[in-house]
Amino acid sequence: MLKGVIFDLDGVITDTAGYHFQAWAALAKELGIEIDEEFNEKLKGVSRMESLEAILKHGNRENDFTKEEKEALATKKNDHYKELIKNITKKDILPGIEKLLQELKENNIKIALGSASKNAPVILKQLEIEEYFDYVVDANQIKNSKPAPDIFIDGLKGLELKPEEAVGVEDAEAGIEAIHGAGMIAIGVGVKGDVNVSSTEELTYDVILRASQAC
Ligand code: BG6
Ligand code: MG
């Protein structure tokens, strides 16, 4: 029986995925590395430092920087990203999402955020939707990021639910793998899950309920 939903943030609740790409592409360019949208798919859901490592590897520059230099590069990307998301407001919530959050609440379904982003709490605040969330996974406390299941396992723990009582919603392959690793049903938004929707507009309470029953 469905008792909870754990949502990814970037690309599911709001379209920050494009801002992450913009900030990474700018940093990569400074390092003489080119990344395109196709490569960016591999970065979705992946932690900040692991994304940097993947970009450096892509440009054959993985051995060119010390740990401290890498920390500085990751901070530089994040400062740029924070500048890009500064003006995000309620109007940047993806279509259908707030209605869905309302419906889940009305039906006593618990809601958690399972994002790898350390910027997630600030973004929820800017979108003015923090009150819908019963639990927000703190990415600072998670050892292994997606595709490891840790974020979703922590989300289940925070909601005090078993894997079969909740579904996860993701837009990234790494995220779908993480949901499955936690033993949950995965709904893919524009990516292959157990149940698929092509956009958040199709992500209704009915779809989620049916997904939880069908699998
Ligand atoms: C994920 C994004 O949600 O968070 C990734 O899909 C991002 O692109 C990751 O790298 C970490 O985010 P942040 O905001 O902590 O750098
Ligand atoms: Mg995402």
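The values are calculated or read from the model by the stated rules, or taken from the named source; none is laboratory data. Since the structure is predicted, the reported quantities are computational estimates derived from the model, not experimental observations. Note that we place each Cβ from the backbone using ideal geometry, even for glycine, and neighbour counts take in every protein chain shown.
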Residues of the range 137-188 being small (Gly, Ala, Ser), buried (at least 19 other Cβ atoms within 10 Å of the Cβ) and over 20 Å from Lys42 (Cβ atoms), which ones? Gly155, Gly158, Ala166, Ala182
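What do you reckon, is Leu43 surrounded by 15 or more Cβ atoms within 10 Å (Cβ to Cβ) and either away from ligand 2 (no atom under 16 Å from the Cβ) or more than 25 Å from Asp171 (Cβ to Cβ) (or both)? Break it down into steps so the answer makes sense when it comes.
On the way: surrounded by 15 or more Cβ atoms within 10 Å (Cβ to Cβ): yes; either away from ligand 2 (no atom under 16 Å from the Cβ) or more than 25 Å from Asp171 (Cβ to Cβ) (or both): no.
So Leu43 fails the test.
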Can we say Asn140 is more than 14 Å from ligand 2 (Cβ to nearest atom), in the same structural domain as Gly11 (by TED's automatic domain parsing), within 23 Å of Ala54 (Cβ to Cβ) and touching a residue at least 12 places away in the same chain (Cβ under 8 Å)? yes
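For the range 183-196, check the following and say yes or no: at least one residue is basic (Lys, Arg), assigned to a helix (DSSP H, G or I) and either within 16 Å of ligand 1 (Cβ to nearest atom) or at pLDDT 95 or above (or both). Spell out how you get there, then give the answer.
Step one: of the range 183-196, the residues basic (Lys, Arg) are 192.
With the extra rule that they be assigned to a helix (DSSP H, G or I), the set shrinks to none.
For the range 183-196, residues basic (Lys, Arg), assigned to a helix (DSSP H, G or I) and either within 16 Å of ligand 1 (Cβ to nearest atom) or at pLDDT 95 or above (or both): absent.
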Looking for something outside the structural domain of Val191 (by TED's automatic domain parsing), within 23 Å of Gly190 (Cα to Cα) and more than 17 Å from the chain's Cα centre (by Cα) - is there at least one such residue anywhere in the range 40-54? yes
Can you list residue pairs whose Cβ atoms sit under 6 Å apart, with the first residue in the range 1-18 being more than 16 Å from Gln126 (Cα to Cα) and the second being surrounded by fewer than 24 Cβ atoms within 10 Å (Cβ to Cβ) and among the basic types (Lys, Arg)? Count only pairs 6 or more apart in sequence or on different chains. Gly4/Lys110
